[in-house]
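Asker: Have a look at this one before I ask anything.
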Amino acid sequence: MPKAILLVLDGVADDPKLGKTSLELANIPHLDELARRSVGGGFYPIAPGIAPESDAAVLSMLGYNPENYIIGRGILEALGAGLTIVEGHEVAFRANFATVDPKTRRLIDRRVGRSLTTEEARELAKSLDGLNLGIHDGYVRFVATVGHRAVAIIGSRSKRLSADVSNIDPAYERRGRLSVAVKEFSPYIPRCKPLVDTEEARVTCELVNRFVDMAIEILDKHPVNEERARKGLLKANAVLLRDAEDRIPKVPPVSQLYQGLRFGAVAEMPVEKGISRLVGMEIAEVPPPTPDKAKDYPQRLERTLELLEKVDVVYVHLKGPDEPGHDGDKERKVKSIELIDQYFVKPLLDKIDLSRVAVIVTADHATPPELRAHSGTPVPLIVAYDGLPKKDGLQRFTERECFEKGSIGVLDHGYLMLSKVLKLIGALR
């Protein structure tokens, strides 16, 4: 029975209807070699037309039907950062440091121009962690993770709280516990609103709104931001919150979904680490990503190969292409794909035997630079394994090649993908 590597390239897909895609423009000889030894296809991460966040998309891709497992991203980010919550009295949120006009709350940049270092963010976080909110016995626990990203836990010592509240990030709309990227939004920090008519949700919104107001006041005058302003850099003077969760969800272990197969994970970002912990994967820790991919990707490959000795399926999640997609920078997105090909895929092919190890390459969602946001389009999929009875004649790893020539077809739901692929290579009965 072969082992498998599930290589997820975050946001690598584009929409072919918008013109040549980043994969089509990229010089990726090693991903193309995998494609020539593959069967292909594609899938909608959630369902046709839904532009998912990474958390929902990854859970779906791993086999968890989003209709049955709707989990607010806040708790996944918290678990990935090594935090937990007091259920009933704390709510976890994904947080972004952002730049605003402090007088009008008008958003200047949702991610501080991606220029905030992790070290700066940790200093800023110290000024927010442990805040007494002055109402409802409320407090905040706040931890910076990678770059502009953070986790905020809003709590009350005496009142019960609820995650049924709106996002304080206008780029993502809350639909129940699921967040969906929106194409157009008002560039102002909104007030938190209850999504249900309960005292718990109203109290939670009051605490959230108080925290957002206090954060702007504290951060705008913080020495880190005053120094950034002197250097001509954007201030990280606000916090956007989204994807609330008030419970630690109960989900079956991933091994239970796949007849006892053992899973491991190499993930760069807190949310993917949180998902991996939640579903019972063995995690190989790696440092946060840096601009030096010639250093980063060999580290990730080394951890991947070490895990492959111990487990049956290794899930590897590389962030690279997603950020330039959000920034609308197609040239940089193309370059990010080429760096993965050069520094991860090429040495991977040198070190594994495709007659014993299958390599599955896909994306968690599309992030077309033309949209600067996630889209509801399908993502490409290749399954490279020399034990397959027949290949599809793919020449390149691109959306059009996979969708038009792939024998797997384009699946309507991501949660169908992995079981289909593992049966295809003979890893599942």
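Asker: Report the residue count in the stretch 183-205 for those that are in contact with a Leu (Cβ under 9 Å, 6 or more places away or on another chain) and either within 17 Å of residue 142 (Cα to Cα) or surrounded by 18 or more Cβ atoms within 10 Å (Cβ to Cβ) (or both).
Answerer: So the answer is 6.
Asker: Answer yes or no: is there a residue in the stretch 264-275 that is surrounded by fewer than 23 Cβ atoms within 10 Å (Cβ to Cβ) and not in a strand (DSSP E or B).
Answerer: Within the stretch 264-275 (the criterion being surrounded by fewer than 23 Cβ atoms within 10 Å (Cβ to Cβ) and not in a strand (DSSP E or B)), the answer is yes, since at least one residue qualifies.
Residue-by-condition table, conditions (1) basic (Lys, Arg); (2) over 19 Å from residue 4 (Cα atoms):
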| position | (1), (2) |
| --- | --- |
| 335 | yes, yes |
| 344 | no, no |
| 351 | yes, no |
| 375 | no, yes |
| 390 | yes, no |
| 396 | yes, yes |
| 401 | no, yes |
| 406 | no, yes |
| 429 | yes, no |
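Asker: Now for a different question. If you check 55, 10, 101, which single one turns out to be over 30 Å from residue 390 (Cβ atoms) and without any contact (Cβ under 8 Å) to a residue 60 or more places away in the chain?
Answerer: Result of the check over 55, 10, 101: 101.
Asker: Please go through the stretch 65-86 and pick out each residue that is buried (at least 22 other Cβ atoms within 10 Å of the Cβ) and more than 16 Å from the chain's Cα centre (by Cα).
Answerer: 85
Asker: Which is at pLDDT 95 or above, assigned by TED's automatic domain parsing to the domain that holds residue 112 and of a type outside the set (Lys, Arg), of 178, 261, 195?
Answerer: 195
Asker: Can you spot a residue in the stretch 118-129 that is basic (Lys, Arg), part of a strand (DSSP E or B) and either without any contact (Cβ under 8 Å) to a residue 40 or more places away in the chain or surrounded by fewer than 21 Cβ atoms within 10 Å (Cβ to Cβ) (or both)?
Answerer: Checking the stretch 118-129: not a single residue is basic (Lys, Arg), part of a strand (DSSP E or B) and either without any contact (Cβ under 8 Å) to a residue 40 or more places away in the chain or surrounded by fewer than 21 Cβ atoms within 10 Å (Cβ to Cβ) (or both).
Asker: Identify all residues within the stretch 224-258 that are outside any strand (DSSP E or B), of a type outside the set (D, E, K, R) and touching a residue at least 40 places away in the same chain (Cβ under 8 Å); write none if there are none.
Answerer: Matches in the stretch 224-258: 224, 225, 233, 234, 236, 237, 248, 249, 251, 254, 257, 258.
Asker: Restricted to the stretch 308-354, and to residues that are over 11 Å from residue 369 (Cβ atoms) and of a type in the set (Val, Ile, Thr), which residue is nearest to the chain's Cα centre (by Cα)?
Answerer: Among residues in the stretch 308-354 that are over 11 Å from residue 369 (Cβ atoms) and of a type in the set (Val, Ile, Thr), the one nearest to the chain's Cα centre (by Cα) is 316.
Asker: Taking the condition of being in contact with a helix residue (DSSP H, G or I) (Cβ under 7 Å, 6 or more places away or on another chain) and either of a type in the set (S, T, N, Q) or surrounded by fewer than 22 Cβ atoms within 10 Å (Cβ to Cβ) (or both), how many residues in the stretch 34-59 meet it?
Answerer: Here the count works out to 1.
Asker: So, one more: Do we find that residue 46 is assigned to a loop (DSSP other than H, G, I, E, B), in contact (Cβ under 8 Å) with a residue 12 or more places away in the chain and not assigned by TED's automatic domain parsing to the domain that holds residue 188 in this structure?
Answerer: Yes; evaluated as a whole, the condition is true for this residue.
Asker: Output the residue which, of all residues in the stretch 311-336 that are of a type outside the set (Asp, Glu) and in contact with a Leu (Cβ under 7 Å, 6 or more places away or on another chain), is farthest from residue 299 (Cα to Cα).
Answerer: Only one residue fits best here, namely 334.
Asker: For residue 382, all conditions in the list (1) under 21 Å from the mean Cα position of the chain (by Cα); (2) over 25 Å from residue 303 (Cα atoms) hold save one; what is the number of the exception?
Answerer: With (1) under 21 Å from the mean Cα position of the chain (by Cα); (2) over 25 Å from residue 303 (Cα atoms) applied to residue 382, the lone miss is (2).
Asker: Under the condition of being of a type in the set (Lys, Arg) and either under 24 Å from residue 129 (Cβ atoms) or part of a helix (DSSP H, G or I) (or both), which residue from the stretch 187-217 is nearest to the chain's Cα centre (by Cα)?
Answerer: For the stretch 187-217, the residue satisfying everything is 191.
The values are calculated or read from the model by the stated rules, or taken from the named source; none is laboratory data. None of these values were measured; they are calculated from a predicted model. Positions of Cβ are generated from backbone atoms using ideal geometry, with glycine treated the same way; all protein chains shown enter the neighbour counts.
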